[in-house]
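Have a look at the structure below before the remarks.
No lab work stands behind these numbers, since they all come straight from the coordinates. Because the structure is predicted, anything quoted here is derived from the model rather than measured. Virtual Cβ from ideal backbone geometry, glycine too; neighbours counted across all protein chains shown.
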Amino acid sequence: MTPSARELAAARAHERGPLLEILHDVLDARGWISEQDVREVADVLNLSVAEVHGVVSFYSDLRRTPPPAHTVRVCRAEACQSVGAETLHREAVAALSGQEGVEVHEVFCFGNCALGPSVEVDGTLRGRMTIERLLAEAGGWTS
Amino acid sequence: MTTTVWVPRDSSARAVGADEVASALAAVEGVTVRRNGTRGMLWREPLVEVETDRGRVGYAGVEAPAVPELVAQGLLEGADLACGIGVVDDDPWLTGQERVTCSRLGLAEPTDIEAYAARGGWEGLRRAAVLEPAQVVEEVITSGLRGRGGAGFPTGIKWRTVLEARQGGAPQAFVACNLDEGDSGTFADRILAEGDPFTLLEGMTVAALAVGATEGYIYCRSEYPDAVATLREAIAVAQEFGYLGDVLGTGRHFDVVVREGAGAYICGEETSMLESLEGRRGEVRAKPPIPALSGLWGAPTVVNNVLTFAAVPMILAGGGQAYADLGTGRSRGTQLFQLAGNVARGGLVELSFGVTLRQLVEDWGGGTLSGRPVRAVQCGGPLGAYLPADRLDVPMDYEALAEAGGMLGHGGIVVFDESFDAARMARFAMEFCAAESCGKCTPCRVGSTRGVETIDRLCGASADGPDGTGRTQLLVLLEDLCETMTKGSLCALGGLTPLPVRSALEHFPEDFERSRS
């Protein structure tokens, strides 16, 4: 049984500045943060809903919609661009982002800058990525 | 008899198949696979090392499907194979470096605390534990160590400020480590945290003893999940062995917590990181007050980068003077240079300050990966200047690079071949700033978006046009915008974004004259 945001917040309420940690816990438990979660966390920490919303909306990792079945994150930072990341990103978006249950995101740096282009496929980082290898991995995704 | 084979667990090595190689080797009878950190020779990953009588013999770029064939050819006996690089410790790419901070990197399992101690680990902490706090600070001042995150502020002076605030009656002090290594082309923090986490923890603990802090925080970006996991494991081990908690049984307590970021580049800026550590939006704080006086939860706080803390154990163990004897000018000690982008031999190179950018790119990096000529090098991350191929003879030290219009930053070097398009990269610098601006100050928040638009118009413009649409007028406008961002921004993001833009305009003006469809 997945713990509620209220329970997750209560578990850390005694820590120093726990809000971001709690939001990570909610994300780990459910994959996204709902408006109900925001209200519960705010209530436990005695913060305004606006304050918690402000934090949730600031950080790109804290998604406010249910996650898709598959996520592709393409690095678009300079080092990866020097080995063709812009083309790779464009092609990945063109090929995959229309597919049901697939999201393609841009990311600025995975710290794999000597072995780019870097792409994270469903949480697994891949270096020296090509569009052919990416599409091969994504081949089994079509519903 | 079993043969011990090392396969790195570094995330860059894993990104090119190290886990699969480790599994394939583990399936071979008589093989014990151990997972070390990377040696820093990233272009050779996965680099498999086989223990032999001669030492650890390396095999570069091993792929999992090839493992049975390589074993049949004698890999486990250290045979001379096509992918063999000989005894790794004798490799000139490693022996030519001056590995001080990285002296233990890639040799052992990252959280093997006994291996760490056997290679001189904890000596710095033991010495710090018997010195007076002020003496510890003095040693760091003597070393000339400057903040490795990019700003280059003298570390010992920062620590002294915190110590004095504490002695002046502040009831609490904190140690905060910046592992929000968001600059493209940099990965030294990650490699160190994943490969030799105890060096970082030892450095932070020395800082805690020096300023009288009892709590430490490591702020790690969420893009580095392996670093988070390794550090948490290392902290638990260090507590168990009495290096954290009650430090060395001295009765002085220090505990470290890892906190994870959530995908915001700006949180690498120190005050924004403090906000984020406190659980808020990562918005930059105006300075003063400086974090050394009012940092985490208003208390005096030592905020340093991973590499700064990681330099400290050696400084305490070997003495500040020995560290200061390395380097050049006001840049003392060593720097961990990171070769990235379109480079043949990408990886981590630790050398004294003073090596030239050209030596790093050509001698260490071996030129471009594509084999085409180098056209530009960006040094110091996304806020660093683009230098053309004929400007690479600049020595790598804080002042010399600044004089050449560049920036050392965090020591990242991104190489581009002749496909480099300065206008596109200048536009990207503004786009990146717009995407990552925390929004607190107007020059950064608004200026970056106006910058993207202006560069777009500039690239399509004819030499002169009516109503401010001509090239000449747009260049004035862009320069004006850069000036406003440089002078008016609260932090380095808005303040330094003009650096890559202006350098692109200065060195590669022809790229802005092409009309891009």
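Couple of notes before you dig in:
- Cleavage-rule hits (trypsin sites (Lys or Arg not before Pro)) in the stretch B:253-357: DSSP loop, at most 15 neighbouring Cβ within 10 angstrom: B:330
- In a reduced charge model with +1 at each Lys and Arg Cβ and -1 at each Asp and Glu Cβ, the protein assembly as shown shows a dipole moment near 1120 debye about its Cα centre.
- Average beta carbon contacts from partner chains per residue of B:252-261, 10 Å cutoff: 2
- Distance-filtered residues of the stretch B:154-181 - backbone nitrogen under 14 Å, label point 7 angstrom along residue B:297 Cα→Cβ: B:171-176
- Residue B:257 long-range amide H proximity, modeled H, under 5 Å: B:216, B:217, B:218
- Cα shape, the protein assembly as shown, gyration tensor, a/c 1.5 rule: rounded
- Available extension along the chain between residue B:250 and residue B:87 is 54.5 nm, counting 0.36 nm per residue and deducting the alpha carbon span.
- 3J(HN,Hα) couplings calculated from phi for the stretch A:123-130 with the Karplus curve 6.51 cos²θ - 1.76 cosθ + 1.60 (θ = phi - 60°) are, in sequence order, x, 9, 7, 10, x, 6, 6, 10 Hz; Gly and Pro show x.
- Each residue in B:497, B:32, B:486 was given a count of other beta-carbon atoms within 10 angstrom of its own, and listing them fewest first yields B:32, B:486, B:497.
- Counting charges near residue B:12 (Lys, Arg +1; Asp, Glu -1) among other residues having Cβ under 14 Å from its Cβ returns a value of 0.
- Footprinting exposure proxy for B:440, B:158 (fewest neighbouring C-beta atoms within 10 Å first): B:440, B:158
- Förster-model FRET efficiency, 45 Å R0, residue B:257 and residue A:128, C-beta, rounded to 0.05: 0.80
- Here residue A:135 and residue A:32 are evaluated by their C-beta separation; at R0 = 30 Å the FRET efficiency comes out at 0.65.
- Gyration tensor verdict on the stretch B:57-149 (Cα atoms; rounded if a/c is under 1.5, prolate if a/b is larger than b/c, oblate otherwise): prolate
- Rounded to the nearest 20 debye, dipole of the stretch B:139-218 from Cβ charges on Lys, Arg, Asp, Glu: 360
- Cysteines of chain A lacking any other cysteine Cβ under 4.7 Å from their own Cβ: A:109, A:113.
- Placing pseudo-labels 7 Å out from each Cα toward the beta carbon at residue B:453 and residue A:71 gives an inter-label distance of 3.3 nm.
- Summing +1 for each Lys or Arg and -1 for each Asp or Glu among the other residues whose beta-carbon sits under 12 angstrom from that of residue B:129 gives -1.
- By the count of other C-beta atoms within 10 Å, a proxy for reagent exposure, B:246, B:91 are ordered fewest to most as B:246, B:91.
- Peptide B:16-27 has a mean shielding of 1, counted as Cβ atoms of other protein chains within 10 Å of each residue's Cβ.
- Look at the alpha carbon pairs under 8 Å that are at least 6 residues apart: their mean separation over the length of chain B gives a relative contact order of 13 percent.
- Within-12-Å neighbourhood charge of residue B:479 [Cβ basis; K, R +1; D, E -1]: -2
- Size of charge dipole - the stretch B:1-142 - debye, nearest 20, with Cβ of Lys, Arg +1 and Asp, Glu -1, no other charges: 220
- Average partner coverage of A:79-90, which counts Cβ from other chains inside 10 Å: 6
- Estimated FRET transfer efficiency (residue B:66, residue B:135; beta-carbon r; R0 60 Å; 0.05): 0.65
- With contacts taken as Cα pairs under 8 Å at a separation of at least 6 residues, the stretch B:427-492 carries a relative contact order of 31 percent.
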